[in-house]
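S.K.: The structure under discussion is supplied below as C-alpha coordinates; questions concerning it will follow.
The values are calculated or read from the model by the stated rules, or taken from the named source; none is laboratory data. In this text, all values refer to a predicted model and were calculated from it rather than measured experimentally. Backbone-built Cβ (ideal geometry, glycine too); neighbour counts: all protein chains shown. What goes into the accessible areas is simple: the full protein's heavy atoms, side chains included, and nothing from ligands, DNA or RNA. Shrake-Rupley method; radii C 1.70, N 1.55, O 1.52, S 1.80 Å.
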Amino acid sequence: MIRIVIAEDQRMVLGALGSLLNLEDDMEVVGMANNGQEAITLVRELKPDICMMDIEMPIKTGLEAAEMLKATDCKVIILTTFARTGYFQRALKAGVKGYLLKDSPSEELADSIRAIMSGKRVYAPELMDDLYAEENPLTGRELEVLELVADGKNTKEIADELSLKTGTVRNYISTILDKLEVKNRIEAITQSKEKGWFK
(Lines give C-alpha, C1' and ligand atoms only; values in the text may rest on other atoms or scores of the structure.)
Protein backbone atom coordinates (compact mmCIF):
# COMPACT_ATOMS: atom_id res chain seq x y z
CA MET A 1 0.00 0.00 0.00
CA ILE A 2 1.36 3.43 -0.98
CA ARG A 3 0.88 5.75 1.99
CA ILE A 4 0.30 9.40 1.05
CA VAL A 5 0.18 12.77 2.81
CA ILE A 6 -1.44 15.63 0.85
CA ALA A 7 -0.83 19.32 1.57
CA GLU A 8 -3.14 21.86 -0.09
CA ASP A 9 -4.54 25.10 1.34
CA GLN A 10 -7.79 24.97 -0.68
CA ARG A 11 -9.94 22.61 1.36
CA MET A 12 -12.20 21.56 -1.49
CA VAL A 13 -9.22 20.59 -3.66
CA LEU A 14 -7.64 18.81 -0.67
CA GLY A 15 -10.81 16.77 -0.07
CA ALA A 16 -11.19 15.94 -3.78
CA LEU A 17 -7.58 14.79 -4.08
CA GLY A 18 -7.91 12.66 -0.95
CA SER A 19 -11.10 10.99 -2.22
CA LEU A 20 -9.62 10.44 -5.66
CA LEU A 21 -6.47 8.72 -4.39
CA ASN A 22 -8.34 6.64 -1.80
CA LEU A 23 -10.30 5.09 -4.69
CA GLU A 24 -7.08 3.45 -5.92
CA ASP A 25 -6.64 -0.11 -4.61
CA ASP A 26 -2.96 0.34 -3.84
CA MET A 27 -3.09 3.84 -2.24
CA GLU A 28 -4.12 5.23 1.12
CA VAL A 29 -4.20 8.89 2.13
CA VAL A 30 -2.92 8.82 5.71
CA GLY A 31 -2.79 12.57 6.38
CA MET A 32 -3.98 15.93 5.06
CA ALA A 33 -2.37 19.32 5.70
CA ASN A 34 -3.42 22.90 4.94
CA ASN A 35 0.09 24.36 4.78
CA GLY A 36 3.74 23.42 4.37
CA GLN A 37 4.47 23.40 8.10
CA GLU A 38 1.66 20.92 8.80
CA ALA A 39 2.95 18.77 5.93
CA ILE A 40 6.44 18.59 7.50
CA THR A 41 4.94 17.62 10.88
CA LEU A 42 2.71 14.92 9.33
CA VAL A 43 5.57 13.44 7.29
CA ARG A 44 7.77 13.23 10.39
CA GLU A 45 4.98 11.64 12.45
CA LEU A 46 3.41 9.30 9.89
CA LYS A 47 6.45 8.48 7.70
CA PRO A 48 4.43 8.20 4.45
CA ASP A 49 5.91 7.02 1.13
CA ILE A 50 4.71 10.13 -0.72
CA CYS A 51 4.01 13.74 0.25
CA MET A 52 2.11 15.57 -2.46
CA MET A 53 1.81 19.32 -2.07
CA ASP A 54 0.87 22.60 -3.64
CA ILE A 55 3.45 25.41 -3.81
CA GLU A 56 1.64 28.54 -2.67
CA MET A 57 0.45 27.77 0.86
CA PRO A 58 0.51 29.78 4.10
CA ILE A 59 3.17 29.51 6.87
CA LYS A 60 5.53 27.46 4.68
CA THR A 61 5.28 27.06 0.90
CA GLY A 62 5.45 23.66 -0.74
CA LEU A 63 8.98 24.45 -1.94
CA GLU A 64 10.16 25.40 1.57
CA ALA A 65 8.59 22.20 2.93
CA ALA A 66 10.23 20.13 0.15
CA GLU A 67 13.63 21.59 1.07
CA MET A 68 13.07 20.63 4.72
CA LEU A 69 11.97 17.09 3.78
CA LYS A 70 14.90 16.48 1.44
CA ALA A 71 16.74 14.38 4.04
CA THR A 72 13.74 12.09 4.74
CA ASP A 73 12.76 8.89 2.91
CA CYS A 74 9.48 10.47 1.83
CA LYS A 75 9.22 11.18 -1.91
CA VAL A 76 7.90 14.70 -2.55
CA ILE A 77 5.59 15.51 -5.45
CA ILE A 78 4.67 19.10 -6.25
CA LEU A 79 1.14 19.47 -7.66
CA THR A 80 0.51 23.06 -8.69
CA THR A 81 -1.14 25.40 -11.17
CA PHE A 82 2.18 27.25 -11.64
CA ALA A 83 4.28 26.16 -14.61
CA ARG A 84 7.08 28.56 -13.68
CA THR A 85 10.64 27.67 -14.57
CA GLY A 86 12.02 29.26 -11.41
CA TYR A 87 9.73 27.21 -9.19
CA PHE A 88 10.62 24.08 -11.14
CA GLN A 89 14.37 24.68 -10.82
CA ARG A 90 14.02 25.26 -7.09
CA ALA A 91 11.94 22.07 -6.79
CA LEU A 92 14.65 20.11 -8.63
CA LYS A 93 17.28 21.44 -6.20
CA ALA A 94 15.05 20.34 -3.30
CA GLY A 95 15.08 16.82 -4.74
CA VAL A 96 11.38 16.52 -5.60
CA LYS A 97 10.56 13.35 -7.52
CA GLY A 98 7.57 14.77 -9.36
CA TYR A 99 6.31 18.19 -10.52
CA LEU A 100 2.80 17.91 -11.93
CA LEU A 101 0.26 20.49 -13.03
CA LYS A 102 -3.28 20.56 -11.66
CA ASP A 103 -4.82 20.71 -15.12
CA SER A 104 -3.48 17.26 -16.09
CA PRO A 105 -6.00 14.37 -16.26
CA SER A 106 -6.76 12.76 -12.88
CA GLU A 107 -5.81 9.22 -14.01
CA GLU A 108 -2.31 10.51 -14.74
CA LEU A 109 -1.90 11.41 -11.07
CA ALA A 110 -2.17 7.82 -9.78
CA ASP A 111 0.06 6.56 -12.63
CA SER A 112 2.66 9.24 -11.80
CA ILE A 113 2.63 8.22 -8.11
CA ARG A 114 3.22 4.56 -9.08
CA ALA A 115 6.02 5.55 -11.46
CA ILE A 116 7.70 7.61 -8.72
CA MET A 117 7.37 4.73 -6.25
CA SER A 118 9.16 2.50 -8.78
CA GLY A 119 12.11 4.92 -8.79
CA LYS A 120 11.25 7.15 -11.75
CA ARG A 121 10.94 10.93 -11.77
CA VAL A 122 7.88 12.55 -13.35
CA TYR A 123 7.92 16.17 -14.52
CA ALA A 124 5.28 18.04 -16.55
CA PRO A 125 6.54 18.10 -20.17
CA GLU A 126 5.83 21.83 -20.64
CA LEU A 127 8.26 22.60 -17.82
CA MET A 128 11.02 20.59 -19.43
CA ASP A 129 10.54 22.66 -22.62
CA ASP A 130 10.66 25.94 -20.69
CA LEU A 131 13.74 24.89 -18.75
CA TYR A 132 15.81 24.76 -21.91
CA ALA A 133 14.09 27.65 -23.69
CA GLU A 134 14.72 30.35 -21.08
CA GLU A 135 18.33 31.46 -21.17
CA ASN A 136 19.29 34.13 -18.67
CA PRO A 137 20.19 37.26 -20.70
CA LEU A 138 22.05 38.93 -17.81
CA THR A 139 25.82 38.82 -17.39
CA GLY A 140 27.31 37.67 -14.09
CA ARG A 141 28.00 41.27 -13.05
CA GLU A 142 24.46 42.43 -13.95
CA LEU A 143 23.03 39.57 -11.90
CA GLU A 144 25.29 40.53 -9.00
CA VAL A 145 23.98 44.11 -9.14
CA LEU A 146 20.36 42.93 -9.32
CA GLU A 147 20.84 40.59 -6.35
CA LEU A 148 22.15 43.51 -4.28
CA VAL A 149 19.14 45.59 -5.39
CA ALA A 150 16.93 42.69 -4.23
CA ASP A 151 18.75 42.77 -0.87
CA GLY A 152 17.50 46.36 -0.47
CA LYS A 153 20.79 48.13 -1.15
CA ASN A 154 20.76 51.56 -2.80
CA THR A 155 22.95 52.66 -5.72
CA LYS A 156 25.70 54.07 -3.49
CA GLU A 157 25.85 50.94 -1.30
CA ILE A 158 26.04 48.72 -4.38
CA ALA A 159 28.81 50.92 -5.83
CA ASP A 160 30.78 50.67 -2.56
CA GLU A 161 30.34 46.91 -2.30
CA LEU A 162 31.39 46.21 -5.89
CA SER A 163 34.06 48.98 -6.03
CA LEU A 164 32.25 50.76 -8.85
CA LYS A 165 31.19 54.35 -9.49
CA THR A 166 27.53 55.15 -8.79
CA GLY A 167 27.09 56.14 -12.46
CA THR A 168 28.31 52.69 -13.53
CA VAL A 169 25.80 51.01 -11.18
CA ARG A 170 23.02 53.17 -12.66
CA ASN A 171 24.10 52.09 -16.16
CA TYR A 172 24.01 48.43 -15.10
CA ILE A 173 20.50 48.85 -13.68
CA SER A 174 19.30 50.58 -16.83
CA THR A 175 20.79 47.76 -19.00
CA ILE A 176 19.12 45.12 -16.78
CA LEU A 177 15.69 46.77 -17.19
CA ASP A 178 16.20 46.98 -20.98
CA LYS A 179 17.32 43.36 -21.31
CA LEU A 180 14.46 42.02 -19.20
CA GLU A 181 11.98 44.39 -20.88
CA VAL A 182 10.58 45.56 -17.53
CA LYS A 183 9.65 49.02 -16.24
CA ASN A 184 11.31 49.00 -12.82
CA ARG A 185 13.59 47.21 -10.36
CA ILE A 186 10.75 45.36 -8.61
CA GLU A 187 9.63 43.76 -11.90
CA ALA A 188 13.24 42.84 -12.71
CA ILE A 189 13.66 41.13 -9.32
CA THR A 190 10.30 39.32 -9.60
CA GLN A 191 11.06 38.03 -13.10
CA SER A 192 14.55 36.84 -12.14
CA LYS A 193 13.20 35.02 -9.08
CA GLU A 194 10.40 33.35 -11.06
CA LYS A 195 12.82 32.17 -13.73
CA GLY A 196 15.26 30.89 -11.13
CA TRP A 197 18.16 33.13 -12.19
CA PHE A 198 19.11 34.14 -8.66
CA LYS A 199 21.48 31.83 -6.81
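S.K.: Any idea which residue in the stretch 2-13 is farthest from A83 (Cα to Cα), counting only those that are at pLDDT 95 or above and aliphatic (A, V, I, L, M)?
M.R.: Going through the qualifying residues, I end up with I2.
S.K.: Also: From the set of residues in the stretch 89-110 that are within 17 Å of L17 (Cβ to Cβ) and polar (S, T, N, Q), which is surrounded by the fewest Cβ atoms within 10 Å (Cβ to Cβ)?
M.R.: Of everything passing the filter in the stretch 89-110, S106 is surrounded by the fewest Cβ atoms within 10 Å (Cβ to Cβ).
S.K.: Residues being at pLDDT 95 or above and either among the polar types (S, T, N, Q) or open to solvent by 20 Å² or more (accessible area, probe 1.4 Å) (or both): count how many of those fall in the stretch 30-57.
M.R.: Qualifying residue count, the stretch 30-57: 13.
S.K.: Ok, one more. If we scan the stretch 35-51, do we find a residue that is part of a loop (DSSP other than H, G, I, E, B), under 21 Å from Q10 (Cβ atoms) and of a type in the set (A, V, I, L, M, F, W, C)? Please lay out each step first, then the result.
M.R.: Step one: filter the stretch 35-51 for residues part of a loop (DSSP other than H, G, I, E, B), giving 35, 47-49.
Those left that are additionally under 21 Å from Q10 (Cβ atoms): 35, 48.
Narrowing further to those that are of a type in the set (A, V, I, L, M, F, W, C): none.
No, the stretch 35-51 has no match at all.
S.K.: Hey, does the stretch 9-26 have a residue that's basic (K, R), more than 21 Å from S106 (Cβ to Cβ) and surrounded by fewer than 21 Cβ atoms within 10 Å (Cβ to Cβ)? Steps first, answer last, please.
M.R.: Filtering the stretch 9-26 down to residues basic (K, R) leaves 11.
With the extra rule that they be more than 21 Å from S106 (Cβ to Cβ), the set shrinks to none.
Checked against the condition, which is being basic (K, R), more than 21 Å from S106 (Cβ to Cβ) and surrounded by fewer than 21 Cβ atoms within 10 Å (Cβ to Cβ), the stretch 9-26 yields no hits at all.
S.K.: Consider E126 against the criteria (1) under 28 Å from L20 (Cα atoms); (2) modelled with pLDDT of 85 or more: it satisfies all of them except one. Which criterion is unmet?
M.R.: (2)
S.K.: Which residues, counting only those in the stretch 73-119, are part of a helix (DSSP H, G or I), of a type in the set (S, T, N, Q) and over 11 Å from the mean Cα position of the chain (by Cα)? Quick ask: steps written out before the conclusion?
M.R.: Pass one, the stretch 73-119, residues part of a helix (DSSP H, G or I): 85-93, 106-117.
Filter again for of a type in the set (S, T, N, Q), leaving 85, 89, 106, 112.
S106, S112, listed by residue number.
S.K.: Ok, one more. So which of G62, G86 is surrounded by fewer than 21 Cβ atoms within 10 Å (Cβ to Cβ) and either out of contact with any Phe, Trp or Tyr (no Cβ under 7 Å at 6 or more places or on another chain) or touching a residue at least 40 places away in the same chain (Cβ under 8 Å) (or both)? Give the derivation first.
M.R.: Details: G62 fails: surrounded by fewer than 21 Cβ atoms within 10 Å (Cβ to Cβ).
Within the list G62, G86, the selection yields G86.
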